[in-house]
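For reference, the structure is listed below as structure tokens.
The values are calculated or read from the model by the stated rules, or taken from the named source; none is laboratory data. This structure is a prediction, so every number in the text was calculated from the model and none was measured. Here the Cβ positions follow ideal geometry from the backbone for every residue, glycine too, while neighbour counts run over all protein chains shown. Just the protein is used for accessible areas: all its heavy atoms, side chains included, with ligands, DNA and RNA removed. Shrake-Rupley method; radii C 1.70, N 1.55, O 1.52, S 1.80 Å.
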Number of protein chains: 2
Amino acid sequence: MANIQQVAREAGVSVATVSRVLNEQDTVTTKTRIKVEDAIKKMNYEPSMLGRNLRNSESRILLILIPKISNPFYFEIIKGIESTALSHNYNILLCETDSNPARENIYFDLVKKKMADGIISMDPAVNMETLTELSKTHAIIQCSEYAPNSGIPYVTIDNEEAAYRAVKHLISIGHEKIALMNSDDKFLYARQRKKGYQKALEEHSISINEDYVCRADELGFEYGQHAMKKILSLKDRPTAVFAVSDLLAIGALKEINSNGLQVPNDIAIVGFDKIDFSNMTHPTLTTIGQPMYQMGTIAAKMLMNKIKGETVESVVLEHELVIRESTSG
Amino acid sequence: MANIQQVAREAGVSVATVSRVLNEQDTVTTKTRIKVEDAIKKMNYEPSMLGRNLRNSESRILLILIPKISNPFYFEIIKGIESTALSHNYNILLCETDSNPARENIYFDLVKKKMADGIISMDPAVNMETLTELSKTHAIIQCSEYAPNSGIPYVTIDNEEAAYRAVKHLISIGHEKIALMNSDDKFLYARQRKKGYQKALEEHSISINEDYVCRADELGFEYGQHAMKKILSLKDRPTAVFAVSDLLAIGALKEINSNGLQVPNDIAIVGFDKIDFSNMTHPTLTTIGQPMYQMGTIAAKMLMNKIKGETVESVVLEHELVIRESTSG
DNA sequence: TTGAAAGCGCTAACAA
DNA sequence: TTGTTAGCGCTTTCAA
């Protein structure tokens, strides 16, 4: 494999000139540029990122931290990040943490060792202490889940408002016995969505039944199925369920179907995230849509600016309520 | 950020010695090792991969090419690749090609520019000409989809046999009018699965009805839904469908449900891949399971060996037929 | 067992 | 406009 020296020799110029052509600097005569380009072609030369990266002390790689690669919520966000990154000559390293601190540390080390230039964390279970510490010396952005006072810039939606609207919708079509299928309170988004749920009920003077508020350990279908089993076993069953993720909602739907009950007639369901699957269930799922692609592009831009040393501001984006069959027989 | 020079000075040794400690070479006295380790701790030193990588002319990054990041088929394979890679100090760059040659080329360039040490291609639509050419100078492995005579090592399953078993199963429970929901014949796996389908029918002297053989443009639910619509419009409707992917099967299921028909009583369905979601539909899906995680670990090992310069042999793994509700009322 | 020094491939400051 | 040269941070050969 040829290197810049050999190309320079072939073209009869110095390595500096070759470098200038490579980096499209306009201080090179057309004549010499052509000489160099010919030599590059002739030798099948490809500049090595290894040399360039060391010299520029950058890796042009962005780290993306997600808890589970199989969670559809992240697909569009990742797409947004990736296309923005690519158009700025960055590549992304997609890292599944499994919410496992040991694994997380492997990835943090990658940044410390200059294998990556920055991090977009989307893991709600990320160790905020470590992350905050790391953010003092490295470029870090949070996406979706965040920590308000960490000083780490974030992009997200108004979770409380979104949950509020979801529950309001259920109330508006006549439901009063509404269950909340939440995830762990240790996550900010879980607390915010719960708040929205409570606010909507209180606004309609519906008292909160603690039996109706349940917690799933993780955001997979199985967990939704399991949580729904508990809800169905209540003596005074709710007539509607608001789940904080579509995966939970789909699990709940499955459990309801398996018990011979009908959605939305027996029990209505609202999910959260508007993942692709939410339109493939029978019935289709009413849900909250987040501007995922946009979240991705914005997070990527924020990170790249941060890497450049600029100060960046956090962003809160809009959401939408998508009404489908699971709440409108 | 400290570098190896400063650590050496702090420890009162040469950079060579620090490097030896870093790389756990046993030619260093315990006494000096401790001196060095103390200095490292004191200075909060993290060795830069940039310098090391240039020196070793490697990036310790593996490229993974997949057509769609949202296709659940790849999840477990990726997990297998990643955990194997991580345990050998490699990281993976997950690249979505969207079956777009331009995008593919961006990723091929990454290897040429030494930003990655090798490629695992899982994209059926990959440009085999380019890939074969590239494989002459770079380490490349194919996973799942492959090209028999390209000289590129692969890991896969016996697609014909798997399809044969799936269709045999449908025949064994009494079906004769069996539709095949395939993808494009330009893909080897599609041709192989079709062969298996034909073989099973022929073995039972069931003549092949060309109306029952249809093609979906892509492997998403919508395409399954659309293809099923066509099948349902046939005058002489089939009583069973074998779809070459679970996503297609789920789309078909949705369409059948939407038409007020029952699975498996009116129409039975068999899918392919055993993705997680295939167990969450109502009814659950009979499908072909591939050893995805193992495919991933094997592909990763093959690639790492190839990078070392070893010659590696292709591998064909076992599959299983998983019988669930969609074929057993 | 340790150190001096070369060099991986590139960019950029400075000189011409 | 182009060339010379130092140096990014590391590993490794060779010599001591």
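Using a cut-off of under 11 Å, list every residue of region B:233-259 whose amide N is near the label point 7 Å from the Cα of B:Ile173 along the Cα-to-beta-carbon line.
Answer for this model: B:240-241.
Taking region B:194-270, which trypsin sites (Lys or Arg not before Pro) meet the DSSP loop condition and have no more than 10 other C-beta atoms within 10 Å?
Answer by residue number: B:Lys235.
With a 10 Å cut-off between alpha carbons and a GNM built on chain B, which of B:Gln294, B:Gln25, B:Gln192 moves the most?
B:Gln25
Could you state the number of Å between the C-alpha centres of region A:1-27 and region B:136-206?
50
So what's the net charge close to B:Ile141: Lys and Arg +1, Asp and Glu -1, counting the other residues with Cβ under 14 Å from its Cβ?
Net local charge, B:Ile141 excluded: -2.
Count, for each residue of A:78-87, the Cβ atoms from other chains sitting within 10 Å of its Cβ, then give me the mean as a whole number.
Across the residues of A:78-87, the mean count of other-chain Cβ atoms within 10 Å is 2.
Kirkwood Rh, Cα Rg: Rg to Rh for region A:38-84?
1.23
May I ask for the percentage of alpha-carbon pairs in the protein assembly as shown that lie more than 45 Å from each other?
I get 28 percent for the Cα pairs in the protein assembly as shown exceeding 45 Å.
Which percent, nearest 5, of DSSP beta bridges in the protein assembly as shown are antiparallel?
Taking every DSSP beta bridge with both residues in the protein assembly as shown, the antiparallel ones total about 10 percent.
Report the gain in length on full extension from A:Ser57 to A:Thr32: 0.36 nm times residue separation, minus Cα-Cα distance, nm rounded to one decimal.
Here the segment from A:Ser57 to A:Thr32 would lengthen by 6.1 nm.
In vacuum, with every alpha carbon of region A:70-186 counted as one equal point scatterer, what does the Debye formula give for log10 I(q)/I(0) at q = 0.11, 0.14, 0.21 Å⁻¹? Two decimals, please.
Log10 I(q)/I(0), no solvent term: -0.47, -0.71, -1.31.
With springs connecting C-alpha atoms under 10 Å apart, model chain A as a Gaussian network and identify which of A:Val263, A:Val111, A:Val36 has the largest mean-square fluctuation.
For chain A, modelled as a Gaussian network with Cα springs under 10 Å, the answer is A:Val36.
Compute the length gained on full extension between A:Asn149 and A:Ile323: take 0.36 nm times their separation in residues and subtract their Cα-Cα distance, giving the result in nm to one decimal.
Stretched out fully, the A:Asn149 to A:Ile323 stretch lengthens by 59.2 nm.
Evaluate chain A: find the radius of gyration of its Cα atoms, find its Kirkwood radius, and give the ratio Rg to Rh.
1.14
Ranked from highest to lowest mean number of other Cβ atoms within 10 Å per residue, what is the order of the peptides A:171-181, B:204-214?
A:171-181, B:204-214
Simple spin-label model, 7 Å along Cα-to-Cβ: A:Asp158 to B:Lys235 in nm?
Here the modelled spin labels are 6.0 nm apart.
List the relative contact order of chain A as a percent without decimals, with contacts defined as Cα pairs under 8 Å and 6+ residues apart.
The value is 17 percent.
Springs between alpha-carbon atoms under 10 Å, Gaussian network over chain B: tell me which of B:Gly12, B:Gly51, B:Gly224 tops the mean-square fluctuations.
B:Gly12
Return the loop-located GluC sites (Glu not before Pro) in region B:242-329 (DSSP other than H, G, I, E, B) with at most 14 other Cβ atoms within 10 Å of their own Cβ; answer none if there are none.
Passing both the DSSP loop test and the Cβ count: B:Glu310, B:Glu313, B:Glu318.
Please compute how much accessible surface disappears when B pairs with A, both sides summed, using a 1.4 Å probe, and round it to the nearest 100 Å².
The B and A chains share an interface burying roughly 4700 Å².
Note the full-extension length gain between A:Asn23 and A:Arg9 as 0.36 nm times their separation in residues minus their Cα-Cα distance, in nm to one decimal.
Extending this stretch completely gives an extra 3.2 nm.
Tell me the Kirkwood hydrodynamic radius of region B:1-91 in angstroms, computed as one over the mean inverse distance between distinct C-alpha pairs.
15.6
Determine the shielding of peptide A:194-204 by partner chains: average, over its residues, the number of Cβ atoms on other chains within 10 angstrom of each Cβ.
Other-chain Cβ atoms within 10 Å of each residue's Cβ, averaged: 0.
FRET efficiency for A:Asp109 and B:Asp217, Cβ-Cβ distance as r, R0 = 45 Å, nearest 0.05?
FRET efficiency, A:Asp109 to B:Asp217: 0.55.
I'd like the mean, over residues of A:50-62, of how many other protein chain beta carbons sit within 10 Å of each residue's own Cβ.
Mean number of neighbouring Cβ atoms from other chains: 5.
For region A:4-47, what is the relative contact order in percent, using Cα pairs closer than 8 Å and at least 6 residues apart in sequence?
It rounds to 44 percent for region A:4-47.
Using modelled backbone amide H atoms (1.01 Å from N, in-plane), which distant-in-sequence or interchain residues come within less than 5 Å of A:Ile61's amide H?
Here the answer is A:Asn91, A:Asp117, since their amide H atoms fall under 5 Å of that of A:Ile61.
Report relative contact order for region B:131-198 in percent, whole number only (criteria: Cα-Cα under 8 Å, sequence separation at least 6).
34
Give me the percent of DSSP beta bridges within chain B that run antiparallel, rounded to the nearest 5.
That works out to approximately 10 percent antiparallel.
According to the Cα gyration tensor, what semi-axes, each the square root of 5 times an eigenvalue, does the equivalent ellipsoid of region B:4-47 have, listed from largest to smallest in whole Å?
Those come to 14, 10, 9 Å.
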